[in-house]
Amino acid sequence: MIDEIGLLQLFRDEMPGPSTDAWARARSAIAAARLEEEPAGPRRRRRPWPGRPRLLSIAGVAVAAAAVGGLLAVLFPTTSVTVTRAPSAASAQHLQETAYVVSRVGQALSEPAQRNAVPYARTVLHSDVILTPMPSGVRLQVRAGASPGWGASSMVSWSYRGADKISAFTATGQRVLDVGTTPAPGGGGVTVAVVYRGATWWRAATGPPPVPARCGGPNVIIGHGGWPTFIRHQLGCGGYMTAGRQRVDGVNAIKITGGEGLAVLWVDPATYLPVRVLLAIGDQRPQTDFRWLSTTPANLAQLRVPVPVGFRQVPPPL
Amino acid sequence: MEDERSAAAEGRIADPQDFEAAFRDHFPPVYRFIARRVGPAIAEDLAAETFATAYRRRALFEPARGSLRSWLYGIATNLVRNHWRAEQHLLALDSRLVPEIDLPDGSDAADQRVTAALLAPRLAAALQLLTREQRDVLLLHAWAELSHEEIASALGIGPGTARSRLSRARASLREQLGDFDFDLWVFDGPGAGPVREGLARD
């Protein structure tokens, strides 16, 4: 005779055990938990060993370590990590942890994950960094001679579902410029820039946002999609490694170092959203702090770019 | 390896190496338990989170208060609770299944597994009607094969509470199965239990 427990034991009895991916995912999650236990405190950035660096793809190492599966390759097909020697067991584990953290940051910044968030970022700028509004976003570069652009002490950015706005201010709080992009059906967008110092403004219709082709270089462009898109792209450029934990704004954040566009990135281990980044613009390292705000009417109103009465419309820059 | 195995068997997991051994031993059954409840798509995440949570809290695990197995199933059950709707949806789908099994003539002798497959929609519907607490206790007992004491330890409830919840859950399941004859593996009387429906279709 069988009883109801015996019947239940036969119910869904054909369910298979964990796949290789399931094992890998679990191992990665444990590796991330282990990473969280690392003592907080700054670490010195690793110096490359002499000789030609060897490039290993994260996905390759992750497979070798049976760790991350295809997740990373899907998220960042071009992601790579520069290491300087064949990975020992310890460094393979470090790469595995890095791969996991980078993939989680990528997921946290993806469009579906960001649908109900309003990322707010505040950047403290050095006097040597100038801003140039362009139809594709705002370019930040180190001042060199008579380069076009505007100096500012700080820059704030708001984003929401493909719309974004960047405003720059002087040390005394005077507005220098506003640049806002509104997505248009079909993938393009309309960018409106108001330059307060010149009392001018321009409007430019843009095509679908181009995939940023370049990693690193002398300047940084915060373009369509705002900071989430920028950080995802930079992480996709590779060269990043986790570097322990550091307390940032009350968060025992995971520190990630080593990229060309982003010198350092700190992420919240609970959400994998960035807490702070240091941009790499020439020899300058402007700091940006993030808040991930909710979609209140007040926050969404920040995305508007009003054109003050009396400002003169000019052609957009090429 | 021998040391790792013995450490895991004794429920020692504070050391990362011991935890690794425990992970290797317990991951497959815990994963399967979760997959049976919410499906394999969600199970991968929840099983991974179960062991990541266990790693973070391993210092809090006290073998004297319960087995490692029950502790892990307790974490898994807590995580599964957040996916109540997914679990209900899966049960609803199963309850609407029409078994496609060819039974030979003389189905009285049909394999119990075949009968169980024919019963699956009815079991799914019955599980769907249980409360969360009843379902947790019942499935920890049936699928994870935990004792009353282990269920109590896993869920942080008293052994008496575990026993009474299990008893009520079993009674409720029996009631939902209605006219099923547990001795003969058939539904009694006229009316159409799933076995007869299945046979009639064939």
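The values are calculated or read from the model by the stated rules, or taken from the named source; none is laboratory data. Small disclaimer: the values here were computed from a predicted structure and weren't measured. All Cβ positions, even for glycine, are placed from backbone atoms using ideal geometry, and neighbour counts span all protein chains on display.
Tell me which of these B:Glu175 doesn't satisfy, since it passes every other one: (1) at the interface with chain A (Cβ under 9 Å from one of its Cβ atoms); (2) modelled with pLDDT under 90.
All conditions are met except number (1).
Take A:Val179 and tell me if it is among the hydrophobic types (A, V, I, L, M, F, W, C), in contact (Cβ under 8 Å) with a residue 40 or more places away in the chain and surrounded by 21 or more Cβ atoms within 10 Å (Cβ to Cβ).
Considered against the rule, which asks whether it is among the hydrophobic types (A, V, I, L, M, F, W, C), in contact (Cβ under 8 Å) with a residue 40 or more places away in the chain and surrounded by 21 or more Cβ atoms within 10 Å (Cβ to Cβ), A:Val179 comes out as yes.
For B:Glu49, all conditions in the list (1) more than 14 Å from every other protein chain (Cβ to nearest Cβ); (2) more than 14 Å from the chain's Cα centre (by Cα); (3) without any contact (Cβ under 8 Å) to a residue 40 or more places away in the chain hold save one; what is the number of the exception?
That leaves (1) as the condition not met.
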